[in-house]
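The values are calculated or read from the model by the stated rules, or taken from the named source; none is laboratory data. These figures come from a predicted structure and were not determined experimentally. Note that each Cβ is placed from the backbone with ideal geometry, even for glycine, and that neighbours are counted across all protein chains shown.
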Amino acid sequence: MDPRSYIEAIAQELSRARGRGLVLSPADAQLALGWHAAGIGLEDVLGELRRSVRPAAPPARGATQLGVSLQLIAGAFASRRARKKLASAETPALSAGLLTASRADVPGRDVWQALAARAEELLSRGAEAYWAEAVAALKRTLRELPRERVRDVGRALRARMAPRPPGMGREVYRKSLQLQLLAASSERLGVPPREFLL
């Protein structure tokens, strides 16, 4: 809806409540334009306006009765916009940084963006959950790359591998190799981006 139609619809509803005039005051017009620009739906505005003019108890003798104005409902939308702004500001810093690192030229970009979005949640369950997802993401990415590039990563991994130390369990050793694979692939292919190695 264009701004003019938006304002006219609000003015019409306001005139019903006031019982006079379709013209908005400059202050009301400014509020209405701000709500339109902020994407606040017309039905939301009209609903708040109707609620604000519901019959209430008769005012006490001598009390001043406020006229109907958009300024009476401005607080409802101000608090709504503040909550929306707060929610957007709460995007975890780590996830935001990883999303930025998942630039357009990163192989398997969608896979790494998905991991970035879940990074905070995975780490809250423990580092192992994050690294397991990172390894799975790398495997999916490597399937999309030319075989020679994948072989290059394999050679880099073998160059840094050490025999399993006595006393180290096989599962621990396997996870150690997976972390080395992530590091080798990051160095050789740029995937995962080094930010994902934390």
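Count of the stretch 7-42 residues, restricted to those that are closer than 17 Å to Ala74 by Cα, modelled with pLDDT under 80 and outside any helix (DSSP H, G or I), is 3. With respect to the stated conditions, Arg174 fails to be surrounded by fewer than 16 Cβ atoms within 10 Å (Cβ to Cβ), within 38 Å of the chain's Cα centre (by Cα) and closer than 20 Å to Asp105 by Cβ.
Somewhere in the stretch 128-147, is a residue of a type in the set (Lys, Arg) and modelled with pLDDT under 90? Taking every residue of the stretch 128-147 in turn, none turns out to be of a type in the set (Lys, Arg) and modelled with pLDDT under 90. Show the residue pairs that are 6+ apart or on different chains and have beta-carbon atoms under 9 Å apart, the first residue being within the stretch 183-198 and assigned to a helix (DSSP H, G or I), the second being among the polar types (S, T, N, Q). Every condition considered, the pairs that remain are Ser185/Thr141; Leu189/Thr141; Arg194/Ser186; Glu195/Thr100; Glu195/Ser102; Phe196/Ser102; Phe196/Ser186; Leu197/Ser186. Filtered by the rule that a residue be under 17 Å from Glu187 (Cβ atoms), of a type in the set (D, E, K, R) and not in a loop (DSSP other than H, G, I, E, B), the stretch 91-150 gives Glu148, Arg149.
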